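The values are calculated or read from the model by the stated rules, or taken from the named source; none is laboratory data. None of the values given here were measured: they were computed from a predicted structure. Here the Cβ positions follow ideal geometry from the backbone for every residue, glycine too, while neighbour counts run over all protein chains shown.
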C-alpha cells in the first residue's frame with residue numbers, strides 16, 4: 001500500500017506540473033487572437049499596384065507551452081505532394097493535444113498552383129524560392145516572400161520548408177538543412193531537425209564558413225535569422241502519390257515529437273546517409289532527352305546516363321556521369337533546352 005501522504009504528494013506534483021505547463025496566453029497573429037487549444041485560418045492579402053493574391057495560413061495554438069514551428073508548402077505551385085500533405089495535416093493536428101504553436105502556410109504560391117505554373121508565379125514570372133527575403137513594395141512574388149519572411153518566419157523558433165520534384169522531377173526523397181561554420185548552434189539544431197524527419201538521405205546545404213549573400217531561398221531566410229530550419233524533398237512528376245503525401249505527414253509529426261510539441265518519440269532513421277556535396281549535370285543541347293535511370297539510382301563516373309536527339313530523332317550526344325554518386329533527382333520528361341538541369345547527383349564516399 002502507498003501511504004496517503006505520498007499519494008497526496010504525487011497527485012499535487014502532477015497537478016502543479018500540469019498547471020505550470022498549461023498555455024495561458026493567446027497567440028496573436030494578423031491582428032487576431034488564437035486561444036490556447038484552438039486553431040484559426042487566415043487569408044493573408046498580397047496586393048501590389050498591378051495585381052493581388054493571398055496566402056492561406058492556419059495557426060494551431062496548443063493548450064500547453066512550447067516552441068513556434070513554421071511550415072511552408074506550395075512555394076512552387078506544381079509541387080503537389082507537400083500541398084496535399086498540408087491539407088491533410090490541417091485536419092489531423094489537434095491543438096488541445098499540442099504544446100506550442102504551428103503556423104502552417106498551406107499554399108505559398110496560390111496563383112502558381114491555380115494556373116499550374118511551372119516554378120514561377122504567373123503574375124510576374126518570378127520564382128518564389130529565388131527572391132527571399134522579398135520586398136515590401138516589390139512585385140507579387142517579392143511581396144509574398146516579404147510576407148512569409150516577416151509574418152511567419154520571424155515569429156518562429158523553428159522552421160520547415162516542404163518541396164517535391166515539381167512537374168518534371170523524378171526525385172529520391174530526402175531531408176536537408178543548412179550548415180554554416182559560424183552558426184554552430186543553429187546548424188546543429190537544424191541537423192537534429194533533419195534527422196528527426198525520418199529520411200534515410202540527408203543533404204547538407206551550405207557547408208561554408210558563413211552566409212554572407214541574400215538568403216534567396218525560403219528556409220535559408222530562417223537560417224539567416226538564426227532560426228534552425230530544415231527542408232523536405234518528397235514526391236514529384238507533377239503527381240499526387242499517396243505514399244509521398246503520407247511520408248511528408250509522418251515526417252512533420254515526427255519533427256513535432258522531436259521538438260516536444262506532440263507526445264511520442266520521433267521516427268528518426270538510424271545511420272542515414274549524409275550528402276555534403278552535389279553536382280548538377282546540365283544539357284549541352286536542345287532537343288529530346290532519353291534516360292532509363294531514376295531518382296535513387298547509384299551511378300559511377302564515366303557511365304552513360306542518357307542521351308539527347310534532335311527533333312528528327314537523330315542522336316546528338318550521350319550524357320556522361322561526372323562523379324560517383326546517387327541520383328537525387330533527374331528530368332524525367334523528354335523536352336530539354338541547352339543549359340537546363342538533367343541530373344542532380346549527390347556525392348557518395
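Some points to look at:
- All positions within the range 111-141 that are in a helix (DSSP H, G or I) and out of contact with any helix residue (DSSP H, G or I) (no Cβ under 9 Å at 6 or more places or on another chain): 114
- Of all residues in the range 222-265, those that are surrounded by fewer than 21 Cβ atoms within 10 Å (Cβ to Cβ), more than 20 Å from residue 97 (Cα to Cα) and under 15 Å from the mean Cα position of the chain (by Cα) total 2.
- Within the range 330-345, the set of residues being surrounded by 12 or more Cβ atoms within 10 Å (Cβ to Cβ), without any contact (Cβ under 8 Å) to a residue 60 or more places away in the chain and part of a strand (DSSP E or B) comprises 336 only.
- Residues being without any contact (Cβ under 8 Å) to a residue 24 or more places away in the chain and within 11 Å of the chain's Cα centre (by Cα) - total across the range 69-124: 0
- Scanning the range 294-315 for residues that are surrounded by 19 or more Cβ atoms within 10 Å (Cβ to Cβ), free of Cβ contacts under 8 Å to residues at least 40 places away in the same chain and within 13 Å of residue 329 (Cα to Cα) turns up just one, 305.
- In this structure, residue 136 does not qualify as more than 21 Å from the chain's Cα centre (by Cα), free of Cβ contacts under 8 Å to residues at least 60 places away in the same chain and more than 20 Å from residue 222 (Cα to Cα).
- Test: residue 272 is under 18 Å from residue 191 (Cα atoms), surrounded by fewer than 20 Cβ atoms within 10 Å (Cβ to Cβ) and touching a helix residue (DSSP H, G or I) at 6+ places or on another chain (Cβ under 8 Å): yes
- Residue check for residue 34: surrounded by 18 or more Cβ atoms within 10 Å (Cβ to Cβ) and either at pLDDT 95 or above or farther than 22 Å from residue 229 by Cα (or both): yes
- As a summary of the residue check, residue 270 satisfies the conditions (1) at pLDDT below 95; (2) at positive phi except for the one numbered (2).
- A residue that is part of a loop (DSSP other than H, G, I, E, B) and over 29 Å from residue 116 (Cβ atoms) can be found somewhere in the range 228-236.
- Selected residue [surrounded by fewer than 21 Cβ atoms within 10 Å (Cβ to Cβ), under 28 Å from residue 202 (Cβ atoms) and either modelled with pLDDT under 95 or under 24 Å from the mean Cα position of the chain (by Cα) (or both)] from 348, 327: 348
- Hey, residue 145 assigned to a loop (DSSP other than H, G, I, E, B), assigned by TED's automatic domain parsing to the domain that holds residue 233 and either crowded, with 20+ Cβ neighbours inside 10 Å or at pLDDT below 95 (or both) or not: no
- Residue list for the range 200-221, restricted to those being at pLDDT 95 or above, part of a loop (DSSP other than H, G, I, E, B) and surrounded by 15 or more Cβ atoms within 10 Å (Cβ to Cβ): 215, 217
- Qualifying residue in the range 274-288 (condition: within 30 Å of residue 101 (Cβ to Cβ) and either free of Cβ contacts under 8 Å to residues at least 24 places away in the same chain or more than 17 Å from the chain's Cα centre (by Cα) (or both)): no
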